[in-house]
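The structure appears right after this line, and notes come after that.
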Amino acid sequence: MTAHEDPEADYYAANYRSYEAQNPSRKLDHYVSEVDKACNGISDLALLDIGCGPGSFLAHASEVRPNWQLHGTDIRSDAVEVAAVKLGNRAKIGVAQADSRPFGSTMYDVITAWDVLEHLEDPAAAVSNLRPWLVPGGALIFVVPVYDGPLGPVVSLLDKDPTHLQKKGRDYWVDLARRHFSEISWHGVIRYLVTANRYIHFPTRRLRRFTPAILVIGHTDQG
């Protein structure tokens, strides 16, 4: 089968033609900063990136936080192959398997899911399954698009990804985090690919009720 005939590659080409442009350094720096804050600046934290795609976040994190222990999984084998080549020995990368824990019994200080949960049939079950993989006081950090508020109709109009199964409002995701974690925080993200080389990424707490996406952090009990 050629790359052109590969349905996974076709999906990626159709929905993420400007994938790298949509992941500029300032956006990835924001994600790294949120991990730092969630884990109180642990220098050698263990991180699992769920839905790592071609590894843009992991590659960036490995450069700015070389002491982090990085793992990543994705359901798309083509993305995993790209990520594995990009990361080399700086991270462990694997194909995610349903109902299977990756990388043995490894426990994590933080699990990240950047624009992943909206693709799942049962996000609540996924979050419930991920929680036991966190150390006491560990954190799940996720970003999702939201379809409520003044920009909700615009987000819906611009969203062409058929695998976005959960077109929910922000309260759904915040309540989901509250059901599974003892402490949560969240803020909004204004983001938009203006041109092939210009991507707006602006995190905001003040405008979080109006943004097209949100970032949520859930902490487990200290134990």
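The values are calculated or read from the model by the stated rules, or taken from the named source; none is laboratory data. None of the values given here were measured: they were computed from a predicted structure. Methodologically, a virtual Cβ is constructed for each residue, glycine included, from the backbone with ideal geometry; neighbour enumeration extends over all protein chains shown.
Things to note:
- When region 166-192 is limited to residues that are over 20 Å from Val155 (Cβ atoms) and among the hydroxyl-bearing types (Ser, Thr, Tyr), the one that is surrounded by the fewest Cβ atoms within 10 Å (Cβ to Cβ) turns out to be Ser182.
- When the test is whether a residue is of a type in the set (A, V, I, L, M), in contact with a Lys or Arg (Cβ under 9 Å, 6 or more places away or on another chain) and buried (at least 19 other Cβ atoms within 10 Å of the Cβ), Leu117 does not pass it.
- Pairs linking a residue in region 196-212 that is modelled with pLDDT under 95 and aliphatic (A, V, I, L, M) to a residue that is surrounded by 14 or more Cβ atoms within 10 Å (Cβ to Cβ) and part of a loop (DSSP other than H, G, I, E, B), with Cβ atoms under 7 Å and 6 or more positions apart or on different chains, are Ala196/Ala21.
- Annotation: of all residues in region 164-185 being under 18 Å from the mean Cα position of the chain (by Cα) and of a type in the set (Gly, Ala, Ser), the one that is nearest to Val146 (Cα to Cα) is Gly169.
- Only one of Gly137, Gly218, Gly188 that is in a strand (DSSP E or B), more than 16 Å from the chain's Cα centre (by Cα) and closer than 24 Å to Asn40 by Cα: Gly137
- Residue count for region 31-50, restricted to those that are within 15 Å of the chain's Cα centre (by Cα) and basic (Lys, Arg): 0
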